[in-house]
Amino acid sequence: MPIYADFHIHSHYSRATSHDMDLEHLDQWAKTKGINILGTGDFTHPGWLSELKEKLEPQEEGFFKLRNSNTDTRFILTSEISCIYSKGGRTRKIHLVIFAPSFKEVDKINTQFSWIGNLKSDGRPILGLDAKELLKIVLDTSKDCLVVPAHIWTPWFSLFGANSGFDLVEECFEDLSNNIYALETGLSSDPEMNWRLSALDKYTLISNSDAHSPKNIGREANAFELEDLSYTNLTDLIKNKQTEKGKFLFTIEFFPQEGKYHFDGHRNCDVRLSPSQTKKANYLCPKCKKPLTVGVMHRVEKLADRKEGFIPKRAISSKHLVPLAEIIASALGQQKNTKAVEEEYQNLVQNYGSEFEILLELPPGKLQASLHPKILEGIRRVREGEVEILPGYDGEYGKVQIFKEGEEGVKQAKLF
């Protein structure tokens, strides 16, 4: 079975996060979701770091588990930083995810960062630091650390963002660019969109949830085949896609249209536009005449040098999913946070295994024995990509439609 990993999350010390983003709830939800490796997130925050040191104990090289437990969940030390600075006559806002092999490196990194900004202010601190200089600080601490640009296409805070980013990795990191090995595609893009840029062929594309609540971990993730679990073997795999110790199998993706910055638009005016419509509108909102928020699809098309559908050599495949709770809610005609949906969700994972097992791995027939036929049909449609999506825009998530309004009498179908 694959090893599933979600490296980019946040703790309860980050703004707009659930109080349940603690290690106990994360460990519990990792089991429910089927996640084997989970990033700690927020290791720069003194309060969260204190909890990590108190509640985690070392296991395999560079991995930790919840202390005094028999859990199989492994944690890896990660954190996200927001760099806001001026370069090339523009304000840049770049988010970066840092991987560290041990608390020793974390303490050294935090010492350096504490001289630059207030690490207590947020789990994802804002530093007035050039992204290149951050990379240098991290690499000077240890060559074993890894820096990955986060959600690289989002308009406001990313490497290629329309409002504050760059057009090339090399423009951002200059002579240190060779130390960037991987890029995080983000919820509003997927690998297929990124394959349209030949400049990105040399990078490994990874996907993570950027979760702010435990229920959202694993909404995007990475699947590996790994012979010996260790930080070194895992980061080598991220850098090289395939090694003697293992293989990067695939990423688990949102349908990118569901991401909240996929299309262009203006949320305050309820205006959602495709790239071509935005160009016709001269990049101004048709209602209020103010500038539109240019989304991910538009930005990708602007920088792309390949047509849609191109597949590079050594490309890592992806599997697009809708979270199980959303499938159940759609099948039952309810909101995903209702008691009925929650009870059905818990019933399924208790009887059939984790969410990833249900959505990705269970063979034909095993689910069909007793599963509600409409839920089963919903899983089949998601696996086959038979969904309709109203694209997200300007901070609003897209809406996935698995069943059309009023659709009844769904017949039980085979999953394959």
(request) Set Lys and Arg Cβ to +1 and Asp and Glu Cβ to -1, take the dipole of region 323-401 about its Cα centre, and tell me which of Leu332, Pro391, Gln368 lies farthest positive. (result) Gln368
(message) Loop by DSSP (not H, G, I, E, B), at most 16 other beta-carbon atoms within 10 Å: where is the longest site-free stretch of the chain for GluC sites (Glu not before Pro)?
(response) 62-226
(request) Can you tell me how much longer the chain between Glu24 and Thr91 gets when fully stretched, taken as 0.36 nm per residue apart minus their C-alpha distance, in nm with one decimal? (result) 20.2 nm
(request) Determine the dipole magnitude for region 25-170: charges of +1 sit on the beta-carbon of Lys and Arg, -1 on that of Asp and Glu, nothing else is charged, the reference point is the Cα centre, and the result goes in debye to the nearest 20. (result) 260
(request) For the chain, give the magnitude of the charge dipole about the Cα centre (Cβ charges: +1 Lys/Arg, -1 Asp/Glu; no others), in debye to the nearest 20. (result) 1140
(message) I need the calculated FRET efficiency for the pair Gln368 and Gln335, taking r as the beta carbon distance and R₀ as 45 Å, to the nearest 0.05.
(response) 0.95
(request) Between beta-carbons, use under 12 Å as the cut-off and find the net charge around Pro291, counting Lys and Arg +1, Asp and Glu -1. (result) 0
(request) Quickly estimate the mean residue ellipticity at 222 nm for the chain, helices only: each DSSP H run with n ≥ 4 gives -39500 (n - 2.57), and the total goes over all residues, rounded to 500. (result) -7500 deg cm²/dmol
(request) Assign unit charges at the C-beta atoms only (+1 for Lys and Arg, -1 for Asp and Glu), then state the dipole size of region 10-55 relative to its Cα centre in Debye, rounded to the nearest 20. (result) 140
(message) Contact order normalised by length for the chain, with contacts defined as Cα pairs under 8 Å and 6 or more residues apart; what percent is it?
(response) 15
(message) Suppose we keep just the DSSP beta bridges with both residues in region 3-257; what percent of those would be antiparallel, to 5?
(response) 75
(request) Assuming a ≥ b ≥ c are the square roots of the Cα gyration tensor eigenvalues, decide whether the chain counts as rounded (a/c under 1.5), prolate (otherwise, with a/b larger than b/c) or oblate. (result) oblate
(request) Could you let me know the centre-to-centre spacing of region 305-367 and region 134-189, using Cα atoms, in angstrom? (result) 30
(message) In the chain, if the dipole is taken from +1 on Lys/Arg beta carbons and -1 on Asp/Glu beta carbons about the Cα centre, which of Ala131, Thr91, Ile76 is farthest to the positive end?
(response) Thr91
(request) Holding the Cα-Cα limit at 19 Å, pick out from Lys104/Lys143; Lys319/Lys404; Lys202/Lys319; Lys374/Lys404; Lys143/Lys247; Lys65/Lys120 the pairs that are longer than that. (result) Lys319/Lys404; Lys202/Lys319; Lys143/Lys247; Lys65/Lys120
(message) Just to confirm the filter: which trypsin sites (Lys or Arg not before Pro) across region 1-73 are DSSP coil and have at most 15 other Cβ within 10 angstrom of their Cβ?
(response) Arg15, Arg67
(request) Please sort by residue number the chymotrypsin sites (Phe, Trp or Tyr not before Pro) in region 29-114 whose DSSP state is loop and whose Cβ has at most 10 other Cβ atoms within 10 Å. (result) none
(message) Just want the ordering: His372, His12, His95, from fewest to most Cβ atoms lying within 10 Å of their own Cβ.
(response) His372, His12, His95
(request) Would you mind counting up the charge near Asp22? Only other residues with Cβ under 11 Å from its Cβ, with Lys and Arg at +1 and Asp and Glu at -1. (result) -3
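Every number in this text was worked out from the coordinates using simple rules, so none of it is lab data. Note that the structure is a prediction, hence the values are computed from the model and not measured. Cβ coordinates were reconstructed from backbone atoms using ideal geometry, including for glycine residues, and neighbour counts include every protein chain displayed.
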